[in-house]
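Trainee: Handing you a structure now.
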Amino acid sequence: MTEYKTIAESRNFIILDHYERAGVLKEDYQSEDALEREFIQDLENQGYSFASEIRSPEAMLANVRAQVQELNKVQFTDDEWKRFLEKYLDPASESSTEKAHKIHED
């Protein structure tokens with residue numbers, strides 16, 4: 001893996017002492033499927049793993065519950081999880097953008 005020296009870093013960007021373009025950009029049309037596959041590959045290259053089993057909102061929430069419990073070393077009862085979802089994580093009064101921002105920041 002290439003080592004880079006950080007020159008400046010903020011919450012929104014990072015400036016490195018050296019940058020090499022990972023690949024050549026294509027100038028023609030890219031389908032949404034190809035864009036998604038490329039995005040997934042980029043994330044995997046950064047160390048993320050693709051959870052192919054998550055195909056529904058219910059599966060996503062089950063995964064979120066497992067990850068929150070593991071990260072915080074807690075075990076939610078079903079009632080606690082329901083209250084956490086309704087009051088904090090997934091309130092009906094918030095847009096999907098607000099919910100995504102909350103997950104990203106918190």
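The values are calculated or read from the model by the stated rules, or taken from the named source; none is laboratory data. In this text, all values refer to a predicted model and were calculated from it rather than measured experimentally. Counting neighbours? That spans all protein chains shown, and the Cβs are built from the backbone with ideal geometry, glycine included.
Trainee: Mind listing whichever residues of the stretch 61-87 are more than 24 Å from Ala51 (Cα to Cα) and part of a helix (DSSP H, G or I)?
Mentor: Matches in the stretch 61-87: Asp79, Glu80, Arg83, Glu86, Lys87.
Trainee: Taking the stretch 67-93, which residues are under 19 Å from the mean Cα position of the chain (by Cα) and closer than 30 Å to Asn12 by Cβ?
Mentor: Residues satisfying the conditions are Gln67, Val68, Glu70, Leu71, Asn72, Leu85, Tyr88, Leu89, Asp90.
Trainee: For the stretch 88-103, enumerate the residues that are assigned to a helix (DSSP H, G or I) and of a type in the set (A, V, I, L, M).
Mentor: Hits for the stretch 88-103 are Leu89, Ala100, Ile103.
Trainee: Restricting to the stretch 63-75, name every residue that is closer than 18 Å to His104 by Cα and among the hydrophobic types (A, V, I, L, M, F, W, C).
Mentor: Val64, Ala66, Val68, Leu71
Trainee: Conditions: (1) surrounded by 10 or more Cβ atoms within 10 Å (Cβ to Cβ); (2) of a type outside the set (S, T, N, Q); (3) within 20 Å of the chain's Cα centre (by Cα); (4) modelled with pLDDT of 90 or more. Ala100 meets all but one. Number of the miss?
Mentor: Among (1) surrounded by 10 or more Cβ atoms within 10 Å (Cβ to Cβ); (2) of a type outside the set (S, T, N, Q); (3) within 20 Å of the chain's Cα centre (by Cα); (4) modelled with pLDDT of 90 or more, the lone unmet condition for Ala100 is (4).
Trainee: In the stretch 71-80, what count of residues is obtained for those that are surrounded by 10 or more Cβ atoms within 10 Å (Cβ to Cβ) and either touching a strand residue (DSSP E or B) at 6+ places or on another chain (Cβ under 7 Å) or among the charged types (D, E, K, R) (or both)?
Mentor: 1
Trainee: Across the stretch 30-49, which residue is modelled with the lowest pLDDT among those that are over 22 Å from Gln67 (Cβ atoms) and in a loop (DSSP other than H, G, I, E, B)?
Mentor: Gln30
Trainee: Let me ask something else about it. Given the conditions (1) surrounded by 11 or more Cβ atoms within 10 Å (Cβ to Cβ); (2) at pLDDT below 90, report the number of the one that Ser52 does not fulfil.
Mentor: (1)
Trainee: Every residue in the stretch 17-49 that is surrounded by 11 or more Cβ atoms within 10 Å (Cβ to Cβ) and of a type in the set (A, V, I, L, M, F, W, C), please.
Mentor: Once the filter is applied, which keeps residues that are surrounded by 11 or more Cβ atoms within 10 Å (Cβ to Cβ) and of a type in the set (A, V, I, L, M, F, W, C), the stretch 17-49 yields Ala34, Ile40, Leu43.
Trainee: Which condition does Phe84 not pass, out of (1) over 18 Å from His104 (Cβ atoms); (2) among the hydrophobic types (A, V, I, L, M, F, W, C); (3) at pLDDT 80 or above, if it passes all the others?
Mentor: (1)
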